[in-house]
Amino acid sequence: MAAGSDESCGATDLVHTTLAYRRALWVVVLLNLVMGVAEMIGGFIAGSQALKADALDFLGDGLITLLGLLAIGWSLAWRARAALIQGVFLAALGIAVLAATAYRVLLLHIPEAEIMGVFGAIALAVNVAAAWVLVPHRKGDANVRAVWLFSRNDALGNVAVVIAAGLVAWTGTPWPDLAVAAIIAGLFLHSAWEIISHARADLVRWRPSSAAE
């Protein structure tokens, strides 16, 4: 494989190697890691599976965005492989959340709706800020799209957590919390499929040029 052919194939994707994009990714990394730790603590205090699931999403997003930041200068093939890792990691998170939610169904512990609502609202604000930073950089190769999908999913998940907190308070049951955790897990799996599909498409784009050499 010639390095020149690999780079020429992915030349159009390198528009995202700008300083502004790197700064945006650092902002997203810091927001996600700090909020992930805070929300995990809140999830244990509130006994909320939805908050814990969302905290895992935050932590996963922070680590995956960091990988996306490191991969900016890599060739198209290696950026696609990094995206594959991101997709597999997200799928593993989704499966883990589903398993934990199934376990919590057996316990039927009612979470603290007030703590859920507070942390959910704070997390929503953080995720909207992270997504807003990435809006100008949401199109590109599989690696770029993976970072965007992670941030978008966080915002959607937090809206669901806030709604679940209200429903838990209204119904006095844990079912809304567990349902939201399952929905977040499903969102993980759907986005993992998208990321992996885009990464495989990028690898297909790279291979013909590589074979021509």
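Which of the numbered conditions does Ala185 fail, given that it passes all the others? Conditions: (1) crowded, with 20+ Cβ neighbours inside 10 Å; (2) within 13 Å of Pro111 (Cα to Cα); (3) at pLDDT 80 or above.
Failed condition: (2).
With respect to Leu90, determine if the residue is in contact (Cβ under 8 Å) with a residue 40 or more places away in the chain, in a helix (DSSP H, G or I) and not acidic (Asp, Glu).
yes
Contact list please: Cβ distance under 7 Å, first residue in region 44-60 and assigned to a helix (DSSP H, G or I), second residue modelled with pLDDT under 75 and among the hydroxyl-bearing types (Ser, Thr, Tyr), pairs at least six apart or on different chains.
The qualifying pairs are Gln49/Thr101.
Hey, among Arg104, Arg138, Arg79, which residue is modelled with pLDDT under 80, among the basic types (Lys, Arg) and surrounded by fewer than 17 Cβ atoms within 10 Å (Cβ to Cβ)?
Unique residue meeting the criteria: Arg138.
Which residue is nearest to the chain's Cα centre (by Cα), if the candidates are limited to region 144-182 and must be surrounded by fewer than 19 Cβ atoms within 10 Å (Cβ to Cβ) and polar (S, T, N, Q)?
Thr173
Given Ala24, Ala53, Ala91, which one is within 30 Å of Val180 (Cβ to Cβ) and in contact with a His (Cβ under 7 Å, 6 or more places away or on another chain)?
Ala24
The values are calculated or read from the model by the stated rules, or taken from the named source; none is laboratory data. Computed from a predicted model, the values in this text were never measured in an experiment. All Cβ positions, glycine included, derive from the backbone under ideal geometry; neighbour counts span all protein chains shown.
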